[in-house]
1. Could you tell me which of the residues 244, 224, 219 is over 24 Å from residue 268 (Cα atoms) and either basic (Lys, Arg) or assigned by TED's automatic domain parsing to the domain that holds residue 19 (or both)?
2. Which one is farthest from residue 503 (Cα to Cα), of the residues in region 433-474 that are β-branched (Val, Ile, Thr) and crowded, with 23+ Cβ neighbours inside 10 Å?
3. Given the conditions (1) crowded, with 22+ Cβ neighbours inside 10 Å; (2) in a helix (DSSP H, G or I); (3) of a type outside the set (Asp, Glu); (4) modelled with pLDDT of 95 or more, and given that residue 526 satisfies all but one, which numbered condition is not satisfied?
4. Being modelled with pLDDT under 90 and of a type in the set (Ser, Thr, Tyr) is the filter here; which residues of region 618-646 pass it?
5. Looking for something over 23 Å from residue 482 (Cβ atoms), free of Cβ contacts under 8 Å to residues at least 40 places away in the same chain and among the β-branched types (Val, Ile, Thr) - is there at least one such residue anywhere in region 329-347?
6. Filter region 167-188 down to the residues that are among the acidic types (Asp, Glu), within 27 Å of the chain's Cα centre (by Cα) and surrounded by 18 or more Cβ atoms within 10 Å (Cβ to Cβ) and list them by number.
7. Here are some conditions: (1) crowded, with 23+ Cβ neighbours inside 10 Å; (2) farther than 26 Å from residue 17 by Cα. Residue 129 meets all but one. Which one does it not meet?
Amino acid sequence: MIYQGNAITVARGDDDIAILTFDLEGESVNKLSTAVVQELEQAVAALGAEAGLQGLILTSAKEAFIVGADITEFHGMFAKGADAIQAMLERVHGIFNALEDLPFPTVSAINGLALGGGCEVTLTTDFRVMAETARLGLPETRLGILPGWGGCVRLPRLIGADNAIEWIAGGTENKADEALKMGVVDAVVPGDQLEAAARDILTRANAGELDHRARRAEKTGPLKLDAIEQMMAFETAKGYVAGKAGPHYPAPIEAIKVIQKGAGEERARAQAIEAKAFGKLALTDVCYNLVGLFLNDQVVKKKGAAYAKQAIAIDQAAVLGAGIMGGGIAYQSASKGTPILMKDIKEEAIALGLKESRKLFGKQVERGKLSVEQMAERLANIRPTLSYGDFAHVDLVVEAVVENPKVKGTVLAEVEECVGEDTVLTTNTSTISITRLAENLERPENFCGMHFFNPVHRMPLVEVIRGEKTGDAAVAATVAFARQMGKTPIVVNDCPGFLVNRVLFPYFGGFSQLLAQGADFRHVDKVMERFGWPMGPAYLLDVVGMDIAMHAGEVMAEGFPERMGGMASDSGKSAIRLMVDHDRLGQKNARGFYAYEEDKKGKPKKVVDEDAIALVEGLAEGEREFSDEEIIARMMVPLCLETVRCLEDGIVGSAAEADMALIYGIGFPPFRGGALRYIDAMGLDAFVAQAESLAEELGPLYAPTDKLRELARNGERFYQDAQQA
């Protein structure tokens with residue numbers, strides 16, 4: 001044994017080939033934590049001191065190769081400031097360079113995921129072989145940084161600047177065939193042949209058939225591009241990537257600049273350029289928030305996995321109601337391999353649901369994601385029916401009929417009589433109380449909410465709503481089914497609007513007050529889109545539908561009259577009610593705050609509608625100019641305060657879950673980290689002061705809670721992770 005650690009071992013074989021194995025003790029995956037990097041330094045030093053070695057193979061004893069750096073360390077590391085970040089990067093570069101410079105040929109045997117730092121480790125070796133099922137990539141730009149352990153230096157020299165930019169700026173995970181085509185890896189083989197393939201490469205290198213020294217010279221020297229080629233590769237890429245990434249995500253463009261600046265340099269200078277850029281990005285708010293987002297996502301996934309472990313198997317599902325929503329649910333279940341019955345009382349509704357599913361599968365075929373045969377197999381997982389005859393063996397039912405408590409109550413009572421005693425019943429509702437719907441059920445402990453967001457196939461969030469009598473088993477089964485469908489479930493407690501809609505409607509309330517005081521809704525939309533929302537509030541209301549928004553507003557007004565009473569449909573200043581009264585329902589009838597025309601792809605495209613502008617102007621008390629800062633404060637404060645109230649009321653279990661629900665459910669700007677991270681970034685004292693100032697003019701919707709005031713006085717935060725230096 002050349003080296004033995006808690007995460008790394010290096011063994012020498014009879015053929016003088018050393019095998020360095022990553023196998024992090026006590027963990028299901030390999031990560032490059034500070035401790036593991038220290039072991040790698042010791043292992044590489046031991047290899048350098050070992051006489052007579054003929055080669056080195058890097059392997060993993062786990063299902064994944066290395067999933068990347070240990071992101072849980074990022075906030076703490078970055079909080080130490082620029083000098084500490086620089087020192088860390090220089091140390092890792094030294095270790096990786098020593099691995100690259102070992103006096104014998106080296107090869108990585110990539111058996112599974114090799115991402116971020118895990119991918120960068122493999123780039124240090126002379127050759128790479130990859131299992132057919134493995135994936136490789138540099139996703140750092142998704143965290144607001146760039147590959148800082150040599151990825152921006154080695155990958156362009158390996159596969160060319162244009163290909164490297166595509167991988168690094170896109171932050172993609174790439175399959176084995178793509179990696180082989182690009183030249184990132186030298187061979188793709190079945191997993192059980194990895195070691196044999198790696199040994200074969202080393203044998204050929206030692207025999208002179210493969211020139212590993214030439215490989216190294218190429219990776220450590222300047223990039224071979226003349227001035228015109230550089231301009232073509234980098235300037236074109238900057239324009240394209242800037243358009244895709246948008247103004248709030250600087251890392252992809254910065255990565256291109258790093259590759260460009262280092263193109264004419266030797267390894268050491270190019271790495272210094274990379275390290276400097278990494279350090280600058282690591283200290284930005286965007287990086288801090290995107291890292292926080294990753295950590296929050298891990299919290300949510302961990303909770304979901306814990307629930308799913310306790311769940312019954314969901315081998316057969318059913319959906320009641322075969323409209324657009326029911327068809328979307330059926331498609332999502334079938335596409336992930338869970339057979340589902342789709343029931344309705346009308347043949348034409350069944351036809352609509354099947355048409356929706358076929359359309360979605362057809363798009364997958366068009367994009368090359370599925371073959372026609374695979375589409376047929378998945379479609380066969382959907383079985384339409386007009387009766388409850390086959391429901392005796394269903395494990396979980398999703399009721400997705402109209403948003404009417406009487407209709408839902410009747411349908412749920414009907415289906416309960418036709419299913420087994422352990423079958424879980426769920427309702428897809430955005431506003432109706434789960435506790436109320438459970439009143440007429442014989443087994444309310446088997447019933448909970450399962451709120452999907454439209455369109456089902458695109459929106460990642462599912463709210464799993466626990467009513468007063470909902471049992472743990474029902475929640476666990478519903479979480480498990482959501483995960484089977486490829487969704488992110490977040491468990492919340494019952495209240496009007498649950499979590500996401502309860503938080504969203506104060507945002508709409510702030511919007512209505514702006515319009516009532518003379519704000520131009522088009523200006524408000526532009527300001528909030530520049531702030532980072534995918535669409536402004538007027539456009540969002542058009543997409544949601546005014547009738548749906550009006551109904552939800554009534555539920556909110558009834559549930560929280562002091563704060564949200566102004567959202568009731570009889571409110572004289574309700575822009576939503578005004579739109580409904582004039583049959584302007586939004587995209588569904590091509591008239592709302594905007595008018596809608598079909599674009600070339602048949603999708604609705606918004607255009608200015610002078611009638612809508614005149615209508616809203618007639619609602620206003622007068623004309624008033626609002627600054628961008630005023631608009632942002634008046635829109636964001638009520639949304640953030642309601643998120644705080646949901647946390648205080650126990651509707652959601654943690655700040656992480658609250659923020660992830662808003663990002664996944666309503667498109668809260670990810671680079672801002674969520675509503676509670678947004679408050680943290682502003683500082684609780686500053687946020688409370690802003691809210692109190694607005695509350696004096698605008699009322700209870702803007703009033704901070706007593707507990708929030710107390711947190712602000714005590715200098716506390718919602719997140720206790722390390723703050724930026």
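The values are calculated or read from the model by the stated rules, or taken from the named source; none is laboratory data. What you are looking at is a predicted structure, and each value in this text was computed from that prediction instead of being measured. Cβ sites come from the backbone with ideal geometry, for glycine too, and all protein chains shown count toward neighbours.
1. Working: 224 fails: over 24 Å from residue 268 (Cα atoms); 219 fails: over 24 Å from residue 268 (Cα atoms).
Matching residue, one of 244, 224, 219: 244.
2. Filtering region 433-474 for residues β-branched (Val, Ile, Thr) gives 434-435, 456, 462, 464-465, 470.
Then drop every residue that is not crowded, with 23+ Cβ neighbours inside 10 Å, which leaves 434, 456, 462, 464-465, 470.
Details: 434: 18, 456: 20, 462: 15, 464: 16, 465: 15, 470: 23 Å.
So, considering only residues that are β-branched (Val, Ile, Thr) and crowded, with 23+ Cβ neighbours inside 10 Å, the one farthest from residue 503 (Cα to Cα) is 470.
3. For residue 526, the failing item is (1).
4. Passing the criteria: none in range.
5. no
6. First, the residues of region 167-188 that are among the acidic types (Asp, Glu): 173, 177-178, 186.
The next check asks that each one be within 27 Å of the chain's Cα centre (by Cα); those that pass are 173, 177-178.
Once the filter is applied, which keeps residues that are among the acidic types (Asp, Glu), within 27 Å of the chain's Cα centre (by Cα) and surrounded by 18 or more Cβ atoms within 10 Å (Cβ to Cβ), region 167-188 yields nothing.
7. Condition (2) is where residue 129 drops out.
Residue-wise test of (1) under 20 Å from the mean Cα position of the chain (by Cα); (2) not in a loop (DSSP other than H, G, I, E, B).
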| site | (1), (2) |
| --- | --- |
| 208 | no, no |
| 225 | no, no |
| 234 | no, yes |
| 241 | yes, yes |
| 248 | yes, no |
| 257 | no, yes |
| 281 | no, yes |
| 300 | yes, yes |
